[in-house]
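K.L.:
Let me give you the structure first, and then I'll get to my questions.
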Amino acid sequence: MAAITITCLSKTFGAVKAVDAIDLTILDGEFVAILGPSGCGKSTTLFMLSGIETPTGGRVLFDGDDVTAMEAKDRSIGLVFQSYALYPHMTVRENIAFPLDMLKIPKTLRAERVARAAGIVQIGELLDRRPHQLSGGQQQRVALARVLVKEPRLLLLDEPLSNLDASLRHAMRSEIRRLQRRLGLTTVLVTHDQIEATTMADRIVIMNRGRIEQVGTADELYRHPANLFVAGFIGSPAMNLVTLKPAHGEIRVGAAAASLQDRSLASVTVGLRPEHLRFAAEGLPGRIALVEPMGREVLYEIETEIGVLRLLDPVHQIRHREGENVSIAVSPDNLLAFETEEGRSLPLTVHASGPEVAKSLVRSESLP
Amino acid sequence: MVRLSASSRAIGHAVTATLCCLILIPMALVALTAFKSQPEVYSALPWPQQPTLENFRRLFAVSFDVYLWNSFATTILRVAGQVLIAVLAAYAFARFEFRFRNALFALVLGALMIPHSLTMIPIYIMVVELGWFDSWAALIIPNLAFPFGVFLLRQHMMQFPKPLIDAARADGASHWKILWRIIVPNMGPAIAGLVIVAFIECWNEYFWPLLVTDSDKMRTIQIGIRRFLDSEGVDSFGPLMAGVTLASLPALLVFFVLQKRVMDTFVSSGIR
């Protein structure tokens, strides 16, 4: 097991900065997910941790030892690929034994360790098959066994679940998590799926355009996004972002009001999570533009003075029809504010909450 | 896929059937003549009335076995060497970053375009100066570098799935192990294709062995067969045909065994 420290790590491909001077510390035994959209540099970061990509700048430390220039084979890492990368010409047994063969581990010991790794991921009966004879989920387990057999100090997972169907993905998610807990393996998972990241990881690193936007627990990222990018990226359905002009340093959405520390701001972007909005007798008036039943909940798109807002109603029946006039309320505690230009989060002081309809909304404009 | 009308399909079949006949009839005549007795060789009947192995016996009476052995051994050694060098060079071109890599690869491609006959004389002089004249070395070594093989295998290695190579690296494999344990076992079709091309080219080679061998004990089969054409006059047609039949067999055999793989290989590398 290892604690990982990354300092000022960069990678450029020609003129493109794939990873731009990132710093990150991962604790021993921690499960960290790197989450971000395609091309944000998350996989490149993982491959630099593994030693497969060579950084163009910065350092990687494992337990305080500089491994930046170390070959992948000397780092004691286990890497699981999105495509599983099982060797097609070898049986499952040979696939799992391959790393041990490379480590020149005696044959008798090899068989024992292969059996143990296969047991951990429950593929004991598949050992004599070839990869093409296995289902996606089974291939995934073989890939896991192949890295666990090495007893690595760091487990690296590159979108390991994205090729599985939904139910299998759910099962593998909890299985990998249980395994990681049981073995106490320091693990880094790269994913673009926020559910995967939030359900599996102790901490989540949000990356965008080669930079780290925020590091935190799922709850921290959800409640206190550091900037507009994180606010928009975390949460499903995505957060409503509307631009408002504060009046005397105060922003209002319906009856909910909060004060900004900086009273000079001419414009702020307010974030409202669809699940925090609710229908109320009085509040921000609006008209239902679209109703999307999602099974357990219903998502409404509502045209209001401040822009189109999505509201997630936790009741599975459709309570309002398209074209109907409604009022929306939100608790002031759930208001988030961001600099419109820079996107940084702004601290808010909540000071008013009440049932009366706010008429003091100054100007509205919805973000694209 | 374009669906052809019945009439154009019929025309297509007729054309291919005619072409097949044009190629197969002489081959069949050769094979059938090989089994004819001497008086029958010039008979109008294409097949032997009294099939005999006499021609084959006469063939082996004049050191045909030596030619056969020379051809087999030098072809196998040469093809093995060609494939080995092509695999190693292709891996270097496909996987290593080094200075002048592209320029060097352009040179390899350039070598593909230089006619063999142009380089034959200088190589012949080198072979003689090295003292290799009339030896297996002369038949094998100058041909070991096989630019087409390097080109073909490089193209295949460039397309080899990167995650497999990365996984092997993470599993602790060196370049050598990655090449022989991961890449080569998965390049069966490409290597089979290369073996066929190299085998047929080497087996059928006529001019180079003629140039660099002199004694009977170094001649290859293609030159050996010629003996029956020049020296022994009219009555040697039977053994000549028997020799041609035997000489065609290995190349045909290799091709039939591996032909599907060859087609796959050339289609997937864009060469038809």
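The values are calculated or read from the model by the stated rules, or taken from the named source; none is laboratory data. Quantities reported herein were computed from a predicted structural model and do not represent experimental measurements. Counting neighbours? That spans all protein chains shown, and the Cβs are built from the backbone with ideal geometry, glycine included. Side chains included, ligands, DNA and RNA excluded: accessible areas come from the protein's heavy atoms. Shrake-Rupley method; radii C 1.70, N 1.55, O 1.52, S 1.80 Å.
K.L.:
Looking only at residues that are of a type in the set (D, E, K, R) and closer than 20 Å to A:Gly232 by Cβ in segment A:298-332, which one is surrounded by the most Cβ atoms within 10 Å (Cβ to Cβ)?
P.N.:
So, considering only residues that are of a type in the set (D, E, K, R) and closer than 20 Å to A:Gly232 by Cβ, the one surrounded by the most Cβ atoms within 10 Å (Cβ to Cβ) is A:Arg310.
K.L.:
List the residue pairs whose Cβ atoms are under 7 Å apart, where the first residue sits in segment A:114-133 and is over 24 Å from A:Arg177 (Cα atoms), the second is at pLDDT 90 or above and among the hydroxyl-bearing types (Ser, Thr, Tyr), and the two are 6 or more positions apart or on different chains.
P.N.:
Qualifying pairs under 7 Å: A:Asp128/A:Thr91; A:Arg129/A:Thr91; A:Arg130/A:Thr91.
K.L.:
Further question: Among residues belonging to segment B:39-96 that are over 24 Å from the mean Cα position of the chain (by Cα) and among the small types (Gly, Ala, Ser), point out the one that is surrounded by the fewest Cβ atoms within 10 Å (Cβ to Cβ).
P.N.:
B:Ala44
K.L.:
Just give me the residues in segment A:55-74 being part of a loop (DSSP other than H, G, I, E, B) and touching a residue at least 24 places away in the same chain (Cβ under 8 Å), in sequence order.
P.N.:
Within segment A:55-74, A:Pro55, A:Thr56, A:Asp63, A:Gly64 meet the criteria.
K.L.:
Shifting gears a bit: Being over 16 Å from A:Ala18 (Cα atoms), of a type outside the set (Phe, Trp, Tyr), within 8 Å of another protein chain (Cβ to nearest Cβ) and under 24 Å from the mean Cα position of the chain (by Cα) is the requirement here; does A:Leu79 meet it?
P.N.:
yes
Residue-wise test of (1) farther than 19 Å from A:Phe31 by Cα; (2) within 11 Å of another protein chain (Cβ to nearest Cβ); (3) among the hydrophobic types (A, V, I, L, M, F, W, C).
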| position | (1), (2), (3) |
| --- | --- |
| A:Arg75 | no, yes, no |
| A:Tyr84 | yes, yes, no |
| A:His89 | yes, yes, no |
| A:Pro99 | yes, yes, no |
| A:Met102 | yes, yes, yes |
| A:Glu151 | no, no, no |
| A:Asn163 | yes, no, no |
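K.L.:
Same structure, new question: For residues in segment B:144-180 being at the interface with chain A (Cβ under 8 Å from one of its Cβ atoms) and in a helix (DSSP H, G or I), which is surrounded by the fewest Cβ atoms within 10 Å (Cβ to Cβ)? Before you say what the answer is, go through the steps one by one.
P.N.:
The initial filter retains those residues of segment B:144-180 that are at the interface with chain A (Cβ under 8 Å from one of its Cβ atoms), namely B:161, B:163-164, B:166-174, B:177.
Applying the additional criterion that residues be in a helix (DSSP H, G or I) yields B:163-164, B:166-170, B:177.
Working: B:Pro163: 16, B:Leu164: 20, B:Asp166: 21, B:Ala167: 29, B:Ala168: 25, B:Arg169: 22, B:Ala170: 29, B:Lys177: 18.
Filtering first and then ranking leaves B:Pro163.
K.L.:
Here is a follow-up. Give just the number: which of (1) more than 10 Å from chain A (Cβ to nearest Cβ); (2) of a type in the set (A, V, I, L, M, F, W, C); (3) more than 23 Å from the chain's Cα centre (by Cα) does B:Ile121 not satisfy?
P.N.:
The failed condition is (3).
K.L.:
Here's something else I'd like to know. Restricting to segment A:53-78, name every residue that is open to solvent by 10 Å² or more (accessible area, probe 1.4 Å) and in contact with a helix residue (DSSP H, G or I) (Cβ under 8 Å, 6 or more places away or on another chain). Let's see the steps before the verdict.
P.N.:
In the first step, residues of segment A:53-78 are kept if they are open to solvent by 10 Å² or more (accessible area, probe 1.4 Å); the result is A:53-59, A:61, A:63-66, A:68-71, A:73-74, A:76.
Residues satisfying the conditions are A:Glu53, A:Thr54, A:Pro55, A:Glu71, A:Lys73.
K.L.:
Okay, next question. Can you tell me which of A:Ala33, A:Ala85 is surrounded by 23 or more Cβ atoms within 10 Å (Cβ to Cβ) and modelled with pLDDT of 95 or more?
P.N.:
On the way: A:Ala85 fails: modelled with pLDDT of 95 or more.
Criteria check complete, one pass: A:Ala33.
K.L.:
Hey, another quick one. Do any residues in segment A:5-20 that are modelled with pLDDT of 90 or more and open to solvent by 30 Å² or more (accessible area, probe 1.4 Å) have Cβ atoms under 8 Å from those of residues that are part of a strand (DSSP E or B) and among the acidic types (Asp, Glu), where the two are at least six apart or on different chains, and which pairs are they?
P.N.:
A:Thr7/A:Asp23; A:Cys8/A:Asp23
K.L.:
Quick check: is even one residue across segment A:236-244 within 25 Å of A:Ala18 (Cβ to Cβ) and β-branched (Val, Ile, Thr)?
P.N.:
Checked against the condition, which is being within 25 Å of A:Ala18 (Cβ to Cβ) and β-branched (Val, Ile, Thr), segment A:236-244 yields no hits at all.
K.L.:
Only residues that are surrounded by fewer than 13 Cβ atoms within 10 Å (Cβ to Cβ), modelled with pLDDT of 90 or more and not in a helix (DSSP H, G or I): list them for segment A:93-122, please.
P.N.:
A:Lys104, A:Pro106
K.L.:
Let me ask something else about it. Any idea which of A:Arg263, A:Arg278 is in contact with a His (Cβ under 9 Å, 6 or more places away or on another chain), open to solvent by 60 Å² or more (accessible area, probe 1.4 Å) and not hydroxyl-bearing (Ser, Thr, Tyr)?
P.N.:
Within the list A:Arg263, A:Arg278, the selection yields A:Arg263.
K.L.:
Moving on to the next point. Hey, can you tell me all the residues within segment A:182-205 that are open to solvent by 20 Å² or more (accessible area, probe 1.4 Å), among the polar types (S, T, N, Q) and touching a strand residue (DSSP E or B) at 6+ places or on another chain (Cβ under 8 Å)?
P.N.:
A:Gln194, A:Thr198
K.L.:
Of all residues in segment A:11-54, which are on the phi < 0 side of the Ramachandran plot, in a strand (DSSP E or B) and more than 18 Å from the chain's Cα centre (by Cα)?
P.N.:
A:Lys11, A:Thr12, A:Phe13, A:Val16, A:Lys17, A:Ala18, A:Asp20
K.L.:
Out of (1) more than 14 Å from chain B (Cβ to nearest Cβ); (2) within 27 Å of B:Ser174 (Cβ to Cβ); (3) not aromatic (Phe, Trp, Tyr), what's the single condition that is false for A:Ser167?
P.N.:
Among (1) more than 14 Å from chain B (Cβ to nearest Cβ); (2) within 27 Å of B:Ser174 (Cβ to Cβ); (3) not aromatic (Phe, Trp, Tyr), the lone unmet condition for A:Ser167 is (2).
K.L.:
Also: Quick check, is A:Asp158 of a type in the set (Asp, Glu), more than 8 Å from every other protein chain (Cβ to nearest Cβ), open to solvent by less than 20 Å² (accessible area, probe 1.4 Å) and farther than 15 Å from B:Ala173 by Cα?
P.N.:
Working: of a type in the set (Asp, Glu): yes; more than 8 Å from every other protein chain (Cβ to nearest Cβ): yes; open to solvent by less than 20 Å² (accessible area, probe 1.4 Å): yes; farther than 15 Å from B:Ala173 by Cα: yes.
Considered against the rule, which asks whether it is of a type in the set (Asp, Glu), more than 8 Å from every other protein chain (Cβ to nearest Cβ), open to solvent by less than 20 Å² (accessible area, probe 1.4 Å) and farther than 15 Å from B:Ala173 by Cα, A:Asp158 comes out as yes.
K.L.:
Additional query: State the number of residues belonging to segment A:46-101 that are small (Gly, Ala, Ser) and over 21 Å from B:Ser174 (Cα atoms).
P.N.:
Of the residues in that region, 4 qualify.
K.L.:
Could we say that A:Glu125 is at pLDDT 90 or above and either of a type in the set (Phe, Trp, Tyr) or open to solvent by 70 Å² or more (accessible area, probe 1.4 Å) (or both) here?
P.N.:
Yes: the conditions hold for A:Glu125.
K.L.:
Determine whether A:Ser50 is touching a residue at least 24 places away in the same chain (Cβ under 8 Å), within 11 Å of chain B (Cβ to nearest Cβ) and among the small types (Gly, Ala, Ser).
P.N.:
yes
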